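Participant: Attaching a single structure in C-alpha cells format; questions to follow.
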C-alpha cells in the first residue's frame, strides 16, 4: 500500500506497463487489429465465469461496428484466445423494469430525457474457436483473464479455422466480415464504392480432406426454399472445389440432379455477360454480378468461371421415346433425339451438351421393388421376374411380351396351368403389369433394347472438371425416383470398383428429405446412407440439400463433416437437429438474409456466419430466357457454330481453332447441319478414344470434314 | 490470504450517526430570504441537459490492520474526485481531480512499546500516521480511558478516516473554487458546504439537523414532491461563511416517513441571490434515473451514485488483498 496524499492524473497508459498480458499481446501482435484498438474488456463473474469454451467481454461504447458473428481475440496468461461473438446483452444497474416505470410515472413524458442517462454496458458472449499458446508445443485450454479484447486479423482467423493444420487443399466456402476496417497493401483503410469504410473480410476455409474425404466428408445445406441460397451456394462451393483442385493437380467431377425448372441446365453460362449479351441478360432480369461480388471473388482468390465441361442427360418426353412398334434395338447414336428430350434446354446451338437417357427393360428387372407396387410384388411375382431375367435372358419389353405370349399359347395348347413352376394366373398378371410399364416410366422406357453407340451415358465414368446434370425436372415422380436411384447406385458401384475416372466425385442431391427421409426405408436411402458412411473413403461425397434438416436421415447428417444453414423457419428450428446451436444463433437463422449462411465444419469449434457472392453461372431462369430464346429474347443471340468450337475445345489438339475461325468456316450452315456434325464428331472421337487412331484424328479435322460434307449436301438439296 | 470487512461495512449505522454536525457549527437561527407564503413552492419540471456539469464526492474504507493488547491499529483509505458530465452518456473523472489517501490510524500516545515500534517503523518508511484520539491529546486521562475501549477506538478511527476523506473533498473544492469553469457550469457537492465556494451546490441527503421548526416544520413535512421551501440564510460560525439554504422534496412521501425524499440544498450566500428556482429545477431533474441499487436512492442523485461506484472500485482495488487484523 502506498500512503500519503496522491493526486492522480488519469492516464491508463501508466497502468499498461504493469499488465501481465504484455507478453502475449506483444507476441501475438499480428493476430490483433491494433490499428482499430481495444474494443472491450473481458469480464468474468461468479455467475458467468470465463471458461475454456466461452467467455464474456463488455464492449466500448464507441464500438458500434461490433456485432454477432465477429471474431475477436482475448488473452489468457500465456495465450491468445480467438473466439466468435455470440449473444449480446445490455446491462444496466436497474433492478427491475418497474423502477424505470415509476421513475417516469405520472410526471415525465415518455420521450423526456434525464440529464444523465443510466449507464448501460453491452456484454458479448464469445465462443472460443481456438487458443494459441506462446509455445508451439503447448495446447492451451486456459480461459481468458480480465484484459483487453481486440478484433481478430485475417491471420488470426485463419489460425482459428485451423488452416495451418489442414491436410488437404484449403477451399474457400464463405466470406466472413469482421467489424474492423479492411486495410490495403499500402496500409490504408479501404473505402467502398459508397464511400464507407470497408470491413475486413476473410475467407472461411474448409479442408478438402474433411470436405471431400478421406478424413471426413460430405456437406449438407438446410434452409427455406425460395431464398436462392442452398443451390446457389452449392454451385459456388463446387466452383471453388473445382478451381482449387485444378490448381493442385487433382481431378474432380460433380453429378447433379436437376429437379426444378431450368435451375441447373445453364451451368456453362457465365454470370458475367459477354459484352454482346449484356442487354439480353438485363432483359432477362439478371443484371450480372455486382461490384461487391467481384470484390468477394477477388478476396477469396477465385475466378468467375462457369462450368465449361457440362453434360446434361435427360430422358425423352412422354410418348416420344424411340423404339415404338416392334423395333428390337434402338440405335440412339443414329437418332435425332434433341427435339424429343424432356429438358428445357432445347435451343439449337445450345443443346449439343444434352444427351439422351433411354432404358430397355433389363435394368428394371433388377429393381422390381422400384418398378411395381408393393401389393403386386408377392413371392410368386418375384420368382417369375427372376425366371425371365436369369433363365430366359429377357432384356426388352418386346422380348418379354413375345415370350409370355409363347408361354400362354403353350399352356393353352397343353391345357396345363403351370410353366416352369409358375402358375398361369401369375404369368397373366405379370403380362398385365409389364404392359403398363411403358406408361409408368413414360419417356424413359422403350420396348426394345437400347444401343447407345458412342454416345456418352449418364452412368459412365467421369472426366476431370465434368459437371453432369441429370435433368429430371419435367419427369413424372416414377421416372425421377428410378433415375436418381439407379444412377447413384451405379456411381456407387463405380466407386467401389475404383472406376470413377476422377479423384473425387461430388454427388449433389436436392430435396434430400425426399430421398433419405428420417426413419424411412428404401434402396436409395440405404445407398445414400452407405455413401455418407463410406463414401469419403471411396472418393464419393454427398452434397445434400433440403428445406427441413429434421426430416433427413440422422445417419446421413451425422456423417456430414460440413453443414450450412440458411434461413430456417420457426417450426423447424425447434427440432433436435438444431439443439447444438446457441439460442442467439437460432434467432439469427430465423431472419438470415439471402446470401448469408452459417457453417459448421470439422475443424471449427463453433459455427460461423459468412456470406458468399453470387455463383459464377447465370441463374437458371435467366439462362433460359437468354439462351433458350424465351420471353422475347431472340435465340439467335448465340451462334450455333459455337457448339462446334466448344466440341473442338473438349478434345484439345495442336490444331484447335479459335472461335472466330469456327464461326467463319460454319457461316451460313443450317443449325440442323451443325448439330449433326457435332453429334457425329463427338461419337467418332469417343469411338477412337484410347486407340492408336486417336493420335491421327483431331476433333477440328473431323469438324472441318463434316462442314464440307454438309455444305455439299445443302447445295445438292437446293 | 484472509480479507477483512471494513468498518464502514460493519458499522454502517454508526456511520450515519457520525454524520451529525457539531452543535456549534452553524447558528441556531435562520434568516428567511423569501416570502413564507406559499411555503411549498412548486418547482418547474425540466427535461434534458442542465448547467450542472460537475459532481464531487468522496469515499472511505477503514480496515483493521494490527492489534496490540486491546488497541486496534487501523488503516484508512480514502478517495475523492470530481466527475464531469460531458453528455448524458459520457461521465468521466476530471483529470487531476482524484485524490487518494492512505494512512495508518494509530493512537500514538498509547504507552505501549509495540505501538511505539510500529509508529517508528511507519515513519521510517514514510508512511502517514494519524492519531484517531488526537482531539483528546490534551486530556491525558480521557486519552487513557479511550484506549481501553476497543469499540470506541474503532469509532474514533472511522471518524478520523472520515475527516481524511473530507480533507480530500475540501481540497478538491478549493481547487475548483480557484479555477471555476468559465461557462458558468455548476458543481454539486455531496454534503454540506463548509466554506464558501462559487458555482457550487451542497446537497445534503441526511436530515440530521433541523433548521426549520414549529409550524413551518409541519409544512415542510407535508411538502409535496417537486416542491421547495422558501430560501433561508444560515451562518457557519465554526468555518465561517453564510449559505443560502432551502429544502427540496424529490419523491412523494405519502404514507412514509415525512423526511422521505427530502434534501437540503445549500449555496454560498453572496449579495446576489442565487437562481433558486432554476437550481431547484436542475437538481430535481437529477433525481432520474433512480440510483435504485443504493438504499439512499430517494435522496441521491444519479451522477453522485455513479461517482461513488467509481471511487468504491478504486478503494476496492487498493485493499483487494488486505490481510485482516494481525498481532503487532
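The values are calculated or read from the model by the stated rules, or taken from the named source; none is laboratory data. Small disclaimer: the values here were computed from a predicted structure and weren't measured. We place every Cβ from the backbone using ideal geometry, glycine too, and count neighbours over all the protein chains shown.
Participant: Filter region B:137-176 down to residues that are within 13 Å of the chain's Cα centre (by Cα) and more than 14 Å from chain A (Cβ to nearest Cβ) and give me whichever is modelled with the highest pLDDT.
Facilitator: Restricting to residues being within 13 Å of the chain's Cα centre (by Cα) and more than 14 Å from chain A (Cβ to nearest Cβ), the top hit is B:173.
Participant: Next question. Just one of the numbered conditions (1) closer than 16 Å to residue B:291 by Cβ; (2) surrounded by fewer than 18 Cβ atoms within 10 Å (Cβ to Cβ); (3) touching a residue at least 12 places away in the same chain (Cβ under 8 Å) is not true of residue A:93; which one?
Facilitator: (2)
Participant: Taking region B:276-308, which residues are in contact with a helix residue (DSSP H, G or I) (Cβ under 9 Å, 6 or more places away or on another chain) and closer than 15 Å to residue B:50 by Cα?
Facilitator: Within region B:276-308, B:286, B:287, B:288, B:289, B:301 meet the criteria.
Participant: Listed residues A:253, A:240; which is closer than 28 Å to residue A:162 by Cβ, in a strand (DSSP E or B) and within 16 Å of the chain's Cα centre (by Cα)? Can you show your working first?
Facilitator: Working: A:240 fails: in a strand (DSSP E or B).
Of the residues listed, the single one that is closer than 28 Å to residue A:162 by Cβ, in a strand (DSSP E or B) and within 16 Å of the chain's Cα centre (by Cα) is A:253.
Participant: Also, quick follow-up: Among the candidates B:94, B:106, single out the residue that is closer than 30 Å to residue B:141 by Cβ, touching a strand residue (DSSP E or B) at 6+ places or on another chain (Cβ under 7 Å) and more than 8 Å from chain A (Cβ to nearest Cβ). Talk me through it step by step, then tell me what you get.
Facilitator: Numbers: B:94 fails: closer than 30 Å to residue B:141 by Cβ.
Exactly one of B:94, B:106 is closer than 30 Å to residue B:141 by Cβ, touching a strand residue (DSSP E or B) at 6+ places or on another chain (Cβ under 7 Å) and more than 8 Å from chain A (Cβ to nearest Cβ), namely B:106.
Participant: Test residue B:111 against the stated conditions and say whether it is in a loop (DSSP other than H, G, I, E, B) and more than 30 Å from residue B:266 (Cα to Cα).
Facilitator: On the way: in a loop (DSSP other than H, G, I, E, B): yes; more than 30 Å from residue B:266 (Cα to Cα): yes.
So residue B:111 passes the test.
Participant: Moving on to the next point. Considering only region B:250-261, I want to know if a residue exists there that is crowded, with 21+ Cβ neighbours inside 10 Å, in contact with a helix residue (DSSP H, G or I) (Cβ under 9 Å, 6 or more places away or on another chain) and more than 14 Å from chain A (Cβ to nearest Cβ).
Facilitator: Checking region B:250-261: not a single residue is crowded, with 21+ Cβ neighbours inside 10 Å, in contact with a helix residue (DSSP H, G or I) (Cβ under 9 Å, 6 or more places away or on another chain) and more than 14 Å from chain A (Cβ to nearest Cβ).
Participant: Does region A:179-194 contain any residue that is touching a helix residue (DSSP H, G or I) at 6+ places or on another chain (Cβ under 7 Å), modelled with pLDDT of 95 or more and more than 14 Å from chain B (Cβ to nearest Cβ)?
Facilitator: The first filter runs over region A:179-194 and keeps only residues touching a helix residue (DSSP H, G or I) at 6+ places or on another chain (Cβ under 7 Å), leaving A:193.
From what's left, modelled with pLDDT of 95 or more: none.
No, that holds for no residue.
Participant: Of all residues in region A:262-280, which are touching a helix residue (DSSP H, G or I) at 6+ places or on another chain (Cβ under 6 Å) and at pLDDT 90 or above?
Facilitator: Hits for region A:262-280 are A:262, A:263, A:266, A:269, A:273.
Participant: Only one of (1) surrounded by 22 or more Cβ atoms within 10 Å (Cβ to Cβ); (2) within 17 Å of the chain's Cα centre (by Cα) is not met by residue B:295, so which one is it?
Facilitator: Going through (1) surrounded by 22 or more Cβ atoms within 10 Å (Cβ to Cβ); (2) within 17 Å of the chain's Cα centre (by Cα) one by one, residue B:295 breaks only (1).
Participant: For residue B:45, all conditions in the list (1) more than 9 Å from every other protein chain (Cβ to nearest Cβ); (2) closer than 30 Å to residue B:214 by Cα hold save one; what is the number of the exception?
Facilitator: (1)
Participant: Further question: Would you point out the residue of region B:262-279, among those that are under 14 Å from residue B:199 (Cα atoms) and buried (at least 16 other Cβ atoms within 10 Å of the Cβ), that is nearest to the other protein chains (Cβ to nearest Cβ)?
Facilitator: B:279
Participant: Same structure again: Specify the residue that is surrounded by the fewest Cβ atoms within 10 Å (Cβ to Cβ); the eligible residues are those in region B:65-90 that are away from chain A (no Cβ under 14 Å) and in a strand (DSSP E or B). If you could, list the steps in order and put the result at the bottom.
Facilitator: Step one: of region B:65-90, the residues away from chain A (no Cβ under 14 Å) are B:67-72.
If we keep only those that are in a strand (DSSP E or B) as well, we get B:67-68, B:71-72.
Working: B:67: 17, B:68: 19, B:71: 19, B:72: 23.
Per the criteria, the residue is B:67.
Participant: Moving on. State yes or no: is residue B:189 in contact (Cβ under 8 Å) with a residue 60 or more places away in the chain, closer than 23 Å to residue B:263 by Cα and out of contact with any strand residue (DSSP E or B) (no Cβ under 6 Å at 6 or more places or on another chain)?
Facilitator: Numbers: in contact (Cβ under 8 Å) with a residue 60 or more places away in the chain: yes; closer than 23 Å to residue B:263 by Cα: yes; out of contact with any strand residue (DSSP E or B) (no Cβ under 6 Å at 6 or more places or on another chain): no.
Taking the combined requirement at face value, the residue does not satisfy it.
Participant: If I go through region A:100-129 residue by residue, how many of them are touching a helix residue (DSSP H, G or I) at 6+ places or on another chain (Cβ under 8 Å) and surrounded by 20 or more Cβ atoms within 10 Å (Cβ to Cβ)? Walk me through how you get there before you give the answer.
Facilitator: The first filter runs over region A:100-129 and keeps only residues touching a helix residue (DSSP H, G or I) at 6+ places or on another chain (Cβ under 8 Å), leaving A:110, A:112, A:114-116, A:118-119, A:125, A:129.
Now restrict to residues that are surrounded by 20 or more Cβ atoms within 10 Å (Cβ to Cβ): A:114-116, A:118, A:129.
Qualifying residue count for the region: 5.
Participant: Additional query: Report, by residue number, each residue of region B:110-136 that is more than 17 Å from residue B:162 (Cβ to Cβ), more than 12 Å from chain A (Cβ to nearest Cβ) and out of contact with any helix residue (DSSP H, G or I) (no Cβ under 6 Å at 6 or more places or on another chain).
Facilitator: B:111, B:112, B:113, B:114, B:115, B:116, B:117, B:118, B:119, B:120, B:121, B:124
Participant: Answer with yes or no whether residue A:114 is within 14 Å of another protein chain (Cβ to nearest Cβ) and not in a strand (DSSP E or B). So that I can check it myself, show each step before the final result.
Facilitator: On the way: within 14 Å of another protein chain (Cβ to nearest Cβ): yes; not in a strand (DSSP E or B): yes.
The answer is yes for residue A:114.
Participant: Another question, if that's okay. Consider only pairs whose beta carbons are under 9 Å apart and that are at least six residues apart or on different chains; among these, list those whose first residue lies in region A:231-244 and is in the same structural domain as residue A:467 (by TED's automatic domain parsing) and closer than 18 Å to residue A:565 by Cβ and whose second residue is part of a helix (DSSP H, G or I) and modelled with pLDDT of 95 or more.
Facilitator: Matching pairs, first to second residue: A:237/A:211.
Participant: Let me ask you something else. Collect the residues in region A:381-431 that are surrounded by fewer than 11 Cβ atoms within 10 Å (Cβ to Cβ) and under 25 Å from residue A:449 (Cα atoms), keeping them in residue-number order.
Facilitator: Selection gives A:390, A:391, A:393, A:409.
Participant: List, please: which pairs have Cβ atoms under 7 Å, are six or more places apart or on different chains, and start with a residue in region A:11-31 that is assigned by TED's automatic domain parsing to the domain that holds residue A:80 and more than 14 Å from residue A:147 (Cα to Cα) and end with one that is in a helix (DSSP H, G or I) and modelled with pLDDT under 65?
Facilitator: none
Participant: Just one of (1) closer than 30 Å to residue A:506 by Cα; (2) crowded, with 20+ Cβ neighbours inside 10 Å trips up residue A:448, so point out which.
Facilitator: Result: residue A:448 fails condition (1) only.
Participant: Could you please let me know if residue A:562 is closer than 21 Å to residue A:85 by Cβ and surrounded by 15 or more Cβ atoms within 10 Å (Cβ to Cβ)?
Facilitator: Working: closer than 21 Å to residue A:85 by Cβ: no; surrounded by 15 or more Cβ atoms within 10 Å (Cβ to Cβ): yes.
No: the conditions fail for residue A:562.
Participant: Here is a follow-up. Sort out which residues of region A:527-569 are farther than 15 Å from residue A:229 by Cα and outside any helix (DSSP H, G or I), and write them in order of number.
Facilitator: A:538, A:539, A:540, A:541, A:542, A:552, A:553, A:559, A:560, A:561, A:562
Participant: Output the residue which, of all residues in region A:281-293 that are surrounded by 14 or more Cβ atoms within 10 Å (Cβ to Cβ) and touching a residue at least 40 places away in the same chain (Cβ under 8 Å), is farthest from residue A:237 (Cα to Cα). Steps first, answer last, please.
Facilitator: Initial filter on region A:281-293 (surrounded by 14 or more Cβ atoms within 10 Å (Cβ to Cβ)): A:281-284, A:286, A:288-289, A:292-293.
Right, trim to touching a residue at least 40 places away in the same chain (Cβ under 8 Å) and you get A:281, A:283-284, A:286, A:289, A:292-293.
Numbers: A:281: 24, A:283: 28, A:284: 25, A:286: 21, A:289: 17, A:292: 18, A:293: 15 Å.
Among residues in region A:281-293 that are surrounded by 14 or more Cβ atoms within 10 Å (Cβ to Cβ) and touching a residue at least 40 places away in the same chain (Cβ under 8 Å), the one farthest from residue A:237 (Cα to Cα) is A:283.
Participant: Output the strands (runs of 3 or more DSSP E) that fall wholly within region A:1-105 and possess 3 or more residues being within 14 Å of chain B (Cβ to nearest Cβ) and modelled with pLDDT of 85 or more, or say none. First the steps, then the outcome.
Facilitator: On the way: elements: A:4-7, A:40-43, A:54-59, A:71-76, A:79-92.
Once the strands (runs of 3 or more DSSP E) in region A:1-105 are filtered for at least 3 residues that are within 14 Å of chain B (Cβ to nearest Cβ) and modelled with pLDDT of 85 or more, what remains is A:79-92.
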